[in-house]
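Have a look at the structure below, then the notes.
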Amino acid sequence: YSLISVRKLDIPTSTATVVGRHTGEPSKVACSCLSSLDENTVVSAGWNSQCFLWDLRSSSGTPISTVQLPGKAFGMDVQNNRIVVATSGRRICFIDYKGGKAEVVLDRESSLKYQSRCVSFFPDGSGVALGSIEGRVAVEFLQDLGVDSGGKKKYAFKCHRVNDTVYPVNCLTFHPRNNITFATGGCDGTVVTWDGWHKKKLATLPKFQTSIAALAFNHDGSKLAIASSYTFEEGERDHPRDEIFIRPMLDSECQPKAQ
């Protein structure tokens, strides 16, 4: 996606086509989040406090469904036909997509005291993990939506801190096979893996030159893609170049710990 538009890239021809646009002033409608719901449907959300669903097969440029959010979208994830969006005002919004229509099924306040920056579903859909600008991660469950948490209760923990300096948590991604372990990346330039079920830290990877902007495991979790890119948390200044690393992951860095 670009600043205000969602685009589809045809890899063999390197041709990009516009799927849809977030209309209005770019500074107020920026398309800040994008996820794939299925092979034909993508979801975008932006600073105009709206969430759109787009049909990749359509050339109309019109969303198939639009949902009003409680604030600017800062983070988003999808799980089957359910969408979660972390917005300004510390709101966490859950949206279900059924029968060609999307609607909010739960809008609640985050358990974190400061602005959320990223959110991700547990692979089984039982809960979400949230990262905030204040160097914390919260794990929350979805009993309010009738999802069994196995008796687990929400909790939060500190991370990405160096002495008295607190860094934002920019990104969070779950391991695709272990289900309960995830990796976080922060403005301190580190990637840390966690066991979200047993509340354990697993490993800290060697530090990178600048902020970690995005993370993604491959299909079996044997590799982790790491985007190292300054995220302007300290404003305009000289900074290392943007880089993407592919790191093989050890079992000891991703396997859940015994309770």
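Against the numbered list (1) at pLDDT 95 or above; (2) within 16 Å of SER35 (Cα to Cα); (3) surrounded by fewer than 21 Cβ atoms within 10 Å (Cβ to Cβ), MET76 comes up short only at (3).
Please verify whether region 85-95 includes one or more residues that are over 26 Å from THR231 (Cα atoms), over 16 Å from the mean Cα position of the chain (by Cα) and not in a strand (DSSP E or B). Within region 85-95, none of the residues are over 26 Å from THR231 (Cα atoms), over 16 Å from the mean Cα position of the chain (by Cα) and not in a strand (DSSP E or B). Looking only at region 96-113, count every residue that is over 19 Å from the mean Cα position of the chain (by Cα) and of a type in the set (Lys, Arg) and tell me the total. So the answer is 2. Of the numbered criteria (1) at pLDDT 90 or above; (2) part of a loop (DSSP other than H, G, I, E, B), the one LYS152 fails is (1).
Scan region 139-166 for residues that are under 24 Å from TYR230 (Cα atoms) and in contact (Cβ under 8 Å) with a residue 24 or more places away in the chain and jot them down. Of everything in region 139-166, those that are under 24 Å from TYR230 (Cα atoms) and in contact (Cβ under 8 Å) with a residue 24 or more places away in the chain turn out to be CYS159, HIS160, ARG161, VAL162, VAL166. Condition test on VAL169, is it open to solvent by 60 Å² or more (accessible area, probe 1.4 Å), touching a residue at least 24 places away in the same chain (Cβ under 8 Å) and either of a type outside the set (Lys, Arg) or under 24 Å from ARG91 (Cα atoms) (or both)? Against the criterion (open to solvent by 60 Å² or more (accessible area, probe 1.4 Å), touching a residue at least 24 places away in the same chain (Cβ under 8 Å) and either of a type outside the set (Lys, Arg) or under 24 Å from ARG91 (Cα atoms) (or both)), VAL169 does not qualify.
Inspect region 37-59 for any residue being of a type in the set (A, V, I, L, M), surrounded by 11 or more Cβ atoms within 10 Å (Cβ to Cβ), at pLDDT below 85 and farther than 21 Å from SER120 by Cα and give the result as yes or no. Checked region 37-59: no residue is of a type in the set (A, V, I, L, M), surrounded by 11 or more Cβ atoms within 10 Å (Cβ to Cβ), at pLDDT below 85 and farther than 21 Å from SER120 by Cα. Can you work out which of the residues in region 120-148 that are among the β-branched types (Val, Ile, Thr) and open to solvent by 10 Å² or more (accessible area, probe 1.4 Å) is nearest to VAL78 (Cα to Cα)? Going through the qualifying residues, I end up with VAL147.
Scan region 222-245 and tell me whether some residue there is in a loop (DSSP other than H, G, I, E, B) and in contact with a helix residue (DSSP H, G or I) (Cβ under 8 Å, 6 or more places away or on another chain). Among the residues of region 222-245, not one is in a loop (DSSP other than H, G, I, E, B) and in contact with a helix residue (DSSP H, G or I) (Cβ under 8 Å, 6 or more places away or on another chain), which makes the answer no. Residue pairs whose Cβ atoms lie under 8 Å apart, separated by 6 or more positions or on different chains, with the first residue in region 94-109 and closer than 20 Å to LYS154 by Cα and the second exposed (fewer than 14 other Cβ atoms within 10 Å of the Cβ) and modelled with pLDDT under 95, are PHE94/LEU145; VAL105/LEU145; LEU106/ASP144; LEU106/LEU145; ARG108/ASP144. Residues that are assigned to a strand (DSSP E or B) and among the basic types (Lys, Arg) were ranked within region 102-119; the one that is most open to solvent (accessible area, probe 1.4 Å) is ARG117.
In this structure, ALA183 does not qualify as open to solvent by 20 Å² or more (accessible area, probe 1.4 Å) and either farther than 17 Å from GLN79 by Cα or assigned to a helix (DSSP H, G or I) (or both). The residue list LEU224, LEU215 contains one member that is open to solvent by less than 30 Å² (accessible area, probe 1.4 Å), more than 29 Å from ARG91 (Cβ to Cβ) and touching a strand residue (DSSP E or B) at 6+ places or on another chain (Cβ under 9 Å), which is LEU224. Taking ARG177 as the residue in question, decide whether it is assigned to a strand (DSSP E or B) and open to solvent by 30 Å² or more (accessible area, probe 1.4 Å). No.
Hey, can you tell me all the residues within region 29-79 that are under 22 Å from ALA214 (Cα atoms), within 17 Å of the chain's Cα centre (by Cα) and not in a strand (DSSP E or B)? Residues satisfying the conditions are ALA30, TRP47, LYS72. For region 189-202, filtering for residues that are outside any strand (DSSP E or B) and surrounded by 23 or more Cβ atoms within 10 Å (Cβ to Cβ) leaves 1.
The values are calculated or read from the model by the stated rules, or taken from the named source; none is laboratory data. Please read all numbers here as calculations on a predicted model, not as lab measurements. Neighbour counts run over all protein chains shown; Cβ positions are idealised from the backbone, glycine included. Just so you know, the surface numbers come from the protein's heavy atoms only, side chains and all, with ligands and any DNA or RNA stripped out. Shrake-Rupley method; radii C 1.70, N 1.55, O 1.52, S 1.80 Å.
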